[in-house]
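First comes the structure, then the notes that go with it.
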Amino acid sequence: MTFHVGVVATGGARGVVQSVHTVVYTTSAYLVALFSGVWYLTNTDGLAAARTLVRNAQAAFVYWVIDLLGSSLELPGGRPDSLVAGPLTTQGRWVLALLCVTTLYYLLSLYLGARINHRTGRTDAATTVVAVALSPVLYVAGSVVATTIGLI
């Protein structure tokens, strides 16, 4: 949805079907690679440092939004002390590299989807990708607000 909203906001939308094509193809490949990497990270012995780093990065992001909104909410695992998790194994580095490359692939695919499917310019395609990249912030902010007012 944020992809199409981003394309519409830049004035380059050629229809929702073009956005659906872009999102279906890019998101499916991205999610398969990302979830496979995280699943492997979670279930493989010897990757505790990499696993902790990913968990702490996620918690730090959520706490950044919580702090930005001035909320006093706490996550069940608590606030991470730091993002440094300890010495990473070679295998842990490879999994983290896979997660990073997967994310870059996803963003590039969205950019190319806006350029090719909607025939947008470079700036409009980049703006669309920024809209998609901001969606986790909106999701967490909405969750914080909903929890604070008692909807969740």
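The values are calculated or read from the model by the stated rules, or taken from the named source; none is laboratory data. Computed from a predicted structure; not experimentally measured. Counting neighbours? That spans all protein chains shown, and the Cβs are built from the backbone with ideal geometry, glycine included. The area values use the complete protein model at the heavy-atom level, side chains included, leaving out ligands, DNA and RNA. Shrake-Rupley method; radii C 1.70, N 1.55, O 1.52, S 1.80 Å.
Quick notes on this one:
- Pairs meeting the criteria (first residue in the range 78-98 and in contact (Cβ under 8 Å) with a residue 40 or more places away in the chain, second residue hydroxyl-bearing (Ser, Thr, Tyr) and not in a loop (DSSP other than H, G, I, E, B), beta carbons under 9 Å, at least 6 apart or on different chains) are VAL95/TYR40; LEU98/SER36; LEU98/TYR40.
- The one condition from (1) open to solvent by less than 50 Å² (accessible area, probe 1.4 Å); (2) under 18 Å from the mean Cα position of the chain (by Cα) that SER19 does not meet is (2).
- The residues of the range 22-49 that are outside any helix (DSSP H, G or I) and among the hydroxyl-bearing types (Ser, Thr, Tyr) amount to a single one, THR44.
- Residues that are of a type outside the set (Val, Ile, Thr) and touching a residue at least 40 places away in the same chain (Cβ under 8 Å) were ranked within the range 52-67; the one that is least open to solvent (accessible area, probe 1.4 Å) is LEU53.
- Qualifying residue in the range 83-97 (condition: under 16 Å from the mean Cα position of the chain (by Cα) and part of a helix (DSSP H, G or I)): yes
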